[in-house]
Amino acid sequence: TKLPNRSFFAKTLRRFWEAYASGAGERFAVFFIDLDRFKLVNDTLGHLAGDHLLAEAGNRIRSCMRHKDFMARLGGDEFAVLLSGMEQIEGCEMIAQRMVDEFERPIIIAGREVFTTASLGVVLADKEHHHSAEELLRDADHAMYRTKQQGRHGYTVFNHELRADQADQLAMEAELRRALDESDQLVPYYQPFIDARTGHLAGFEALVRWQHPQRGLIAPSVFLPVAEESGLIMRLDRYMIQAACGQLRQWLDSGRVGEHIALHINLSSANLHDTGLVDWMRALMAQHGLRPGMLHLEITETALIDVPDIAATVMAELHDMGVRLALDDFGTGYSALSYLHRYQFDVLKIDQSFVLDVDRKEESAAIVRAILALADALSLEVVAEGVETLSQLWRLRMMGCEKVQGFLFSHPSLARDIDWGRLATIVQEFAIA
Ligand code: C2E
Ligand code: CA
Ligand code: CA
């Protein structure tokens, strides 16, 4: 792209900031721009196509800038723009909207139409609130992240609400760090899943909960985003793997479960950068005397869109070690089907949204049927999640779905609250039907 890099951008930003802060220079804005699904283009069409896309994205961004503005490529598919002489946020918003619109048109690469959109974060330098150039880039990045969270393709202005939000997040991050240090605040819950043919217990999925000393039980949807953004997710996931493996050992020893049981644990894609994960897991499995094949790591489909190449290496190593990989929330992520093969998945988890009306809506039933056919062709196992009613269960059984998980059988619970008696009776219910 022949664009200035991150360190050059940082220098220029500092110069702008110092001029503005001292009263000698103009007020200015910083845009943080991240292309959506760039990795997918790179993966499916190749690196040359990726380079072409980056160059074209750079051109489109530049077409919205004035001479005196400055653009850099921060790395990967991230760009930053410095807009000088911006007094009002309205002006920034106009330019941001124009940039977003620039990505409405497809980009032609090797005769193919490729659609990529952009997520922007916008911040206007503010002497009252900012103390350094670095804070501006951080705030623009934070606003961009918000755009991604709200479904990508658009812009977000960093404002008071986001600032308050950021303060909350920093507070929560500090508390989460403490919770990880002191343990016993973060607790694994377990939800069983069932063999759809026989009604036998097939395994458990471990799901994290935060037992906060003041705020009570907190759901993962509340604190996982903070854990992800702060990097604490790596510690959290390792903690869960450790706790769940210990629990499985205990269940095996007490005869609660047999060797055929599967233990599913969720893994954030951040862990796939971590080349130490594999050895750590190998040691852990050995310590507990667990067969690696019992352990399944669930990775969400959307998370794979932005992973770097090293992820494929880490996943291949996990796979070689015998640990099994499950693709979570399948059907929601628009990922390439080739990912199934490339990342060597063993299991597909059909997303709840399709199970929800599989018995009432032909569209959902068709999607579930297609996923089952795909899994069958690729010799993948399937777990349908979010099964809440008998009617959904019958439909899934009829379609030949192998495993089912959901409130119909059990809510996630503490290990000590698992209703083993109830789990044992499911076999009879299945036999009658
Ligand atoms: P998920 O992996 O898709 O987990 C399934 C979610 O659906 C869980 O929400 C579960 O409680 C809920 N669920 C189970 N059965 C039913 C049902 O019949 N109906 C409905 N409506 N919901 C059902 P939960 O526990 O709040 O977890 C939310 C998400 O947080 C998980 O989605 C997973 O992506 C993530 N997560 C949970 N624990 C961990 C963890 O230890 N590490 C990581 N990285 N992510 C985790
Ligand atoms: Ca999961
Ligand atoms: Ca899921």
Check: Can you count the Lys pairs in the chain whose Cα atoms are under 29 Å apart, with each pair 8 or more apart or on different chains?
Finding: 17
Note to self: Tell me the mean residue ellipticity at 222 nm calculated for the chain from its helices only (DSSP H runs of n ≥ 4, each -39500 (n - 2.57), averaged over every residue, nearest 500).
What the structure shows: -14500 deg cm²/dmol
Check: Taking the Cβ of Ile299 as the center, what net charge do the other residues with Cβ under 12 Å away carry, scoring Lys and Arg +1 and Asp and Glu -1?
Finding: -4
Margin query: Could you work out what % of the accessible surface of the range 170-432 is carbon and sulfur, using a 1.4 angstrom probe and leaving DNA, RNA and ligands out of the count?
Written below: 53 percent
Note to self: 5 Å is the cut-off here: which amide hydrogens, built 1.01 Å from N in the peptide plane, fall below it relative to Ile218, excluding neighbours closer than 5 in sequence?
What the structure shows: Trp210, Gln211, His212
Checklist line | Whole-number D in µm² s⁻¹ for the range 6-158, Kirkwood Cα-pair radius fed into Stokes-Einstein, 20 °C, 1.002 mPa s | finding: 137 µm²/s
Next item on the list: Sort the range 170-432 into rounded, prolate or oblate with this rule: let a ≥ b ≥ c be the square roots of the eigenvalues of the Cα gyration tensor; rounded if a/c is under 1.5, and if a/c is not under 1.5, prolate when a/b is larger than b/c, oblate otherwise.
Entry: rounded
Margin query: Based only on Cα atoms, what mean projected area does the convex hull of the range 1-74 have, in nm²?
Written below: 5.5 nm²
Notebook entry, point to check: By accessible area of protein heavy atoms, probe 1.4 Å, what ranking do Ser338, Ser364 get, highest first?
Noted result: Ser338, Ser364
Margin query: List residues of the range 72-91, by number, whose backbone nitrogen lies under 15 Å from a label position 7 Å along Cα→C-beta of Ala19.
Written below: 82-87
Check: Hey, how many Å between the Cα centroid of the range 380-433 and the Cα centroid of the range 49-64?
Finding: 49 Å
Margin query: Let me spell out the model: positive unit charges on the Cβ of Lys and Arg, negative unit charges on the Cβ of Asp and Glu, origin at the Cα centre of the chain. What dipole size does that give, in debye rounded to 20?
Written below: 420 debye
Checklist line | Whole-Å distance, taken between Cα centres, linking the range 67-118 and the range 120-144 | finding: 17 Å
Notebook entry, point to check: What is the ratio of the Cα radius of gyration of the range 320-401 to 2.2 N^0.38 Å, where N is its residue count, to two decimals?
Noted result: 1.08
Next item on the list: Over the chain, average the accessible area per residue using a 1.4 Å probe and give it in Å², no decimals.
Entry: 45 Å²
Checklist line | Heavy-atom accessible surface of the range 6-158: percent carbon and sulfur, 1.4 Å | finding: 51 percent
Next item on the list: Compare the peptides 127-135, 366-374, 69-77 by average per-residue count of other Cβ atoms within 10 angstrom and give them in order, highest first.
Entry: 69-77, 366-374, 127-135
Notebook entry, point to check: For the chain, modelled as a Gaussian network with Cα springs under 10 Å, which listed residue fluctuates most, Asp279, Asp237, Asp34?
Noted result: Asp279
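The values are calculated or read from the model by the stated rules, or taken from the named source; none is laboratory data. The model shown is predicted, which means the values in this text are computed figures rather than measured ones. In this analysis, Cβ positions are derived from the backbone assuming ideal geometry, glycine residues included, and neighbour counts consider all displayed protein chains. Accessible surface is based on the protein model in full, side chains and every heavy atom, while ligands, DNA and RNA are left aside. Shrake-Rupley method; radii C 1.70, N 1.55, O 1.52, S 1.80 Å.
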